[in-house]
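Beneath this line is the structure, given in structure tokens, with notes to follow.
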Amino acid sequence: IELKSKIAQFEFENPLMNASGVWCENAEKLDEMKNSSSGSFVTKSATPQLREGNPSPRYVEVPLGSINSMGLPNLGFDFYLNYSLKFQEENPGKINFLSIAGMSMEDNLEMLHKLNDSDFKGLTELNLSCPNVPGKPQIGYDFEATEKILEKAFEFFKKPLGVKLPPYFDFAHFDEMAEILNQFPLAYVNCINSVGNGLYIDTENESVVIKPKDGFGGIGGAYVKPTALANVRAFYTRLNKNIKIIGCGGVESGKDVFEHLLCGAEMVQIGTHLARNGVQVFDKILTELSEIMNQKGYNSIDEFRGKLKSL
Ligand SMILES: C=Cc1c(C(=O)O)[nH]c(=O)[nH]c1=O
């Protein structure tokens with residue numbers, strides 16, 4: 001069974017990795033990710049300086065997924081760059097993804113310049129979809145701002161760059177966003193980030209369950225799989241073929257991975273399910289995916305990737 005995936009000049013032994021923000025904020029978690037069976041890993045979205053983030057409770061598991069308003073807590077850009085440089089030194093030929101989520105255009109450009117001038121050999125993920133920084137609308141929902149940051153970035157940034165997108169829910173938005181993204185030599189597009197500003201209610205206490213933003217937070221887990229699959233498919237069918245798609249949202253099993261791959265995903269990320277169960281989920285899900293491929297007589301993912309049938 002061949003589970004290889006390719007993005008830019010990189011080949012991964014399997015398509016699984018964590019979703020940024022999950023199991024990747026500090027060295028202990030990143031070490032567990034790098035030592036897991038995942039094909040790669042991504043760091044927590046970084047800001048130039050360390051951030052405490054929002055007051056807790058700010059991440060809560062709920063029956064069908066999770067709700068979070070973390071507020072971009074992270075150890076600061078330099079920590080994740082240094083961790084990545086150490087990783088590639090200690091693992092020649094292997095690379096990781098490094099996510100950035102500046103609070104401004106200047107922040108993002110500053111971090112991109114530092115990455116460009118560094119020995120970082122991996123892939124950079126520009127997060128355009130953080131839903132939980134009060135007062136900061138998501139760049140991904142502002143088409144002009146998205147085009148502007150990508151224009152500015154590609155004036156100087158010469159390393160592989162991907163973008164993390166929020167979910168879209170309208171064909172006009174799929175079309176407009178795809179038209180913008182197709183103008184740029186992106187290595188990949190990652191769909192989706194959490195479904196922004198949901199509300200989960202504890203009826204016993206008649207209250208919300210997270211402290212920030214009066215309980216409004218990004219929704220992840222099983223709740224969001226249909227939306228995630230739709231966004232993966234919508235961009236897979238609209239973007240030029242050298243822009244790969246990373247699928248993220250609602251993955252709890254080999255079957256869920258198979259669905260993302262059928263929609264066209266090159267890599268598949270796990271967030272809520274990983275947060276709940278830890279890094280052994282990668283072993284379990286790889287076994288389940290292999291079983292499905294065996295049953296269907298597929299020897300490699302390329303035999304079915306993107307081949308979702310219409311009726
Ligand atoms: C980078 C901030 C994000 C956060 C956060 O730190 O609140 N939560 C998400 O679900 N997605 C994000 O992109």
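Working carefully through the options Lys34, Lys44, Lys29, find the one that is open to solvent by less than 40 Å² (accessible area, probe 1.4 Å) and of a type in the set (Lys, Arg). Talk me through it step by step, then tell me what you get.
Working: Lys34 fails: open to solvent by less than 40 Å² (accessible area, probe 1.4 Å); Lys29 fails: open to solvent by less than 40 Å² (accessible area, probe 1.4 Å).
Every option except Lys44 fails the conditions.
Which one of these does Pro55 not meet: (1) open to solvent by less than 50 Å² (accessible area, probe 1.4 Å); (2) within 27 Å of Gly217 (Cα to Cα); (3) away from the ligand (no atom under 11 Å from the Cβ); (4) of a type outside the set (Gly, Ala, Ser)?
(1)
Looking for whichever is of a type in the set (Lys, Arg) and part of a loop (DSSP other than H, G, I, E, B) here; the options are Lys94, Lys86. Which one fits? Even if it seems obvious, please write down each step before you answer.
Values: Lys86 fails: part of a loop (DSSP other than H, G, I, E, B).
So the residue among Lys94, Lys86 that is of a type in the set (Lys, Arg) and part of a loop (DSSP other than H, G, I, E, B) is Lys94.
Consider segment 118-135. How many of its residues are within 10 Å of the ligand (Cβ to nearest atom) and surrounded by fewer than 21 Cβ atoms within 10 Å (Cβ to Cβ)?
Matching residues across segment 118-135 total 1.
So how many residues does segment 188-208 have that are within 19 Å of the chain's Cα centre (by Cα) and surrounded by fewer than 17 Cβ atoms within 10 Å (Cβ to Cβ)?
Within segment 188-208, residues that are within 19 Å of the chain's Cα centre (by Cα) and surrounded by fewer than 17 Cβ atoms within 10 Å (Cβ to Cβ) number 1.
Give the residues of segment 261-286 that are in contact with a helix residue (DSSP H, G or I) (Cβ under 7 Å, 6 or more places away or on another chain) and away from the ligand (no atom under 16 Å from the Cβ), sorted by residue number.
In the first step, residues of segment 261-286 are kept if they are in contact with a helix residue (DSSP H, G or I) (Cβ under 7 Å, 6 or more places away or on another chain); the result is 261, 263-265, 268, 270, 273-274, 279, 281, 285.
Across segment 261-286, the qualifying residues are Leu261, Cys263, Gly264, Ala265, Val268, Val279, Val281, Ile285.
Looking at the structure I just gave you, is Gly39 within 16 Å of the chain's Cα centre (by Cα), closer than 20 Å to Cys191 by Cβ and not hydrophobic (A, V, I, L, M, F, W, C)? Walk me through how you get there before you give the answer.
Details: within 16 Å of the chain's Cα centre (by Cα): yes; closer than 20 Å to Cys191 by Cβ: yes; not hydrophobic (A, V, I, L, M, F, W, C): yes.
Yes: the conditions hold for Gly39.
Taking segment 209-241, which residues are of a type in the set (A, V, I, L, M, F, W, C) and within 16 Å of the ligand (Cβ to nearest atom)? Before you say what the answer is, go through the steps one by one.
Step one: of segment 209-241, the residues of a type in the set (A, V, I, L, M, F, W, C) are 209-210, 216, 219, 222, 224, 228-230, 232, 234-235, 239.
Hits for segment 209-241 are Val209, Ile210, Phe216, Ile219, Ala222, Val224, Ala228.
For segment 199-208, state whether one or more residues are over 13 Å from Pro57 (Cβ atoms), within 16 Å of the ligand (Cβ to nearest atom) and either touching a strand residue (DSSP E or B) at 6+ places or on another chain (Cβ under 7 Å) or not basic (Lys, Arg) (or both). Write out each step before concluding.
The first filter runs over segment 199-208 and keeps only residues over 13 Å from Pro57 (Cβ atoms), leaving 199, 201, 203-204, 206.
Adding the requirement that they be within 16 Å of the ligand (Cβ to nearest atom) leaves 199.
Of the ones still in play, those that are also either touching a strand residue (DSSP E or B) at 6+ places or on another chain (Cβ under 7 Å) or not basic (Lys, Arg) (or both) are 199.
Yes, that holds for at least one residue.
Keeping to segment 209-239, report how many residues are open to solvent by 60 Å² or more (accessible area, probe 1.4 Å) and outside any helix (DSSP H, G or I).
Within segment 209-239, residues that are open to solvent by 60 Å² or more (accessible area, probe 1.4 Å) and outside any helix (DSSP H, G or I) number 2.
Looking only at segment 59-83, count how many residues are within 14 Å of the ligand (Cβ to nearest atom), open to solvent by 40 Å² or more (accessible area, probe 1.4 Å), outside any loop (DSSP other than H, G, I, E, B) and closer than 22 Å to Lys164 by Cα.
1
If you take the residues in segment 253-268 that are over 15 Å from the mean Cα position of the chain (by Cα) and of a type in the set (Asp, Glu), which one is least open to solvent (accessible area, probe 1.4 Å)?
Out of the qualifying residues, it is Asp256.
Can you give me the number of residues within segment 149-182 that are in a loop (DSSP other than H, G, I, E, B), without any contact (Cβ under 8 Å) to a residue 60 or more places away in the chain and under 28 Å from Tyr223 (Cα atoms)? Break it down stepwise before answering.
Looking only at segment 149-182, we keep the residues that are in a loop (DSSP other than H, G, I, E, B), and these are 155-160, 166-170, 182.
Applying the additional criterion that residues be without any contact (Cβ under 8 Å) to a residue 60 or more places away in the chain yields 155-159, 166, 169-170.
Okay, now just the ones that are also under 28 Å from Tyr223 (Cα atoms), so 166, 169-170.
So the answer is 3.
Select from segment 5-58 the residues that are in a loop (DSSP other than H, G, I, E, B) and either in contact with an Asp or Glu (Cβ under 6 Å, 6 or more places away or on another chain) or of a type in the set (Phe, Trp, Tyr) (or both) and list them in ascending order.
Trp23, Ser37, Gly39, Phe41, Lys44, Pro48 - these are the residues of segment 5-58 that are in a loop (DSSP other than H, G, I, E, B) and either in contact with an Asp or Glu (Cβ under 6 Å, 6 or more places away or on another chain) or of a type in the set (Phe, Trp, Tyr) (or both).
The values are calculated or read from the model by the stated rules, or taken from the named source; none is laboratory data. For clarity, every value in this text was computed on a predicted model and none was experimentally measured. Don't worry about glycine lacking a Cβ; one is built from the backbone with ideal geometry, like all the others, and counts go over all protein chains shown. Ligands, DNA and RNA are stripped out before the accessible areas are found, and what is left, the full protein with its side chains, is counted by its heavy atoms. Shrake-Rupley method; radii C 1.70, N 1.55, O 1.52, S 1.80 Å.
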